[in-house]
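Undergrad: Handing you a structure now.
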């Protein structure tokens with residue numbers, strides 16, 4: 001998922017939107033030998049969008065934590081992993097992006 005919020009702790013980052021990417025993976029509980037019913041991907045998008053809408057955001061670590069916490073509240077979700085990438089990072093050297101991943105619960 002790709003969003004354009006105001007994210008970061010530097011003064012210009014609180015003023016100017018920039019790209020932010022979120023990968024969200026969830027693991028669902030199995031109930032018997034049958035496959036679990038699918039989870040609507042729109043729910044997962046809505047989770048990430050709601051977290052990002054709380055801008056200005058400071059740390060990508062907090063974004064990842066919030067996305068995982070909210071995903072874990074969905075029925076049948078037993079584990080979740082969120083990776084948050086910030087492509088435009090203010091550092092003195094070359095860098096493709098900064099990324100933080102948070103994982104909670106268990107894998108299906």
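Undergrad: Output the residue which, of all residues in the stretch 23-38 that are buried (at least 16 other Cβ atoms within 10 Å of the Cβ) and out of contact with any helix residue (DSSP H, G or I) (no Cβ under 9 Å at 6 or more places or on another chain), is farthest from residue 79 (Cα to Cα).
TA: Looking at the filtered set, the residue picked out is 28.
Undergrad: On the basis of being modelled with pLDDT under 95 and either assigned to a helix (DSSP H, G or I) or in contact with a helix residue (DSSP H, G or I) (Cβ under 8 Å, 6 or more places away or on another chain) (or both), does residue 66 make the cut?
TA: No: the conditions fail for residue 66.
Undergrad: Yes or no: the stretch 71-80 includes at least one residue that is at pLDDT 95 or above and part of a helix (DSSP H, G or I).
TA: Checked the stretch 71-80: at least one residue is at pLDDT 95 or above and part of a helix (DSSP H, G or I).
Undergrad: In the stretch 20-41, which residues are over 13 Å from the mean Cα position of the chain (by Cα) and either modelled with pLDDT of 95 or more or assigned to a strand (DSSP E or B) (or both)?
TA: 27, 28
Matching residues to (1) buried (at least 19 other Cβ atoms within 10 Å of the Cβ); (2) out of contact with any helix residue (DSSP H, G or I) (no Cβ under 6 Å at 6 or more places or on another chain):
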residue	(1), (2)
1	no, no
48	yes, no
55	no, yes
75	no, yes
100	no, no
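Undergrad: Under the condition of being free of Cβ contacts under 8 Å to residues at least 24 places away in the same chain and in contact with a strand residue (DSSP E or B) (Cβ under 9 Å, 6 or more places away or on another chain), which residue from the stretch 82-95 is surrounded by the most Cβ atoms within 10 Å (Cβ to Cβ)?
TA: Ranking the qualifying residues of the stretch 82-95, first place goes to 89.
Undergrad: Does residue 44 satisfy being without any contact (Cβ under 8 Å) to a residue 40 or more places away in the chain, more than 10 Å from the chain's Cα centre (by Cα) and either farther than 11 Å from residue 7 by Cβ or surrounded by fewer than 16 Cβ atoms within 10 Å (Cβ to Cβ) (or both)?
TA: Considered against the rule, which asks whether it is without any contact (Cβ under 8 Å) to a residue 40 or more places away in the chain, more than 10 Å from the chain's Cα centre (by Cα) and either farther than 11 Å from residue 7 by Cβ or surrounded by fewer than 16 Cβ atoms within 10 Å (Cβ to Cβ) (or both), residue 44 comes out as no.
The values are calculated or read from the model by the stated rules, or taken from the named source; none is laboratory data. Given the structure is predicted, the values throughout are model-derived calculations rather than measurements. So basically every Cβ, Gly included, is an ideal-geometry build from the backbone, and we count neighbours across all protein chains shown.
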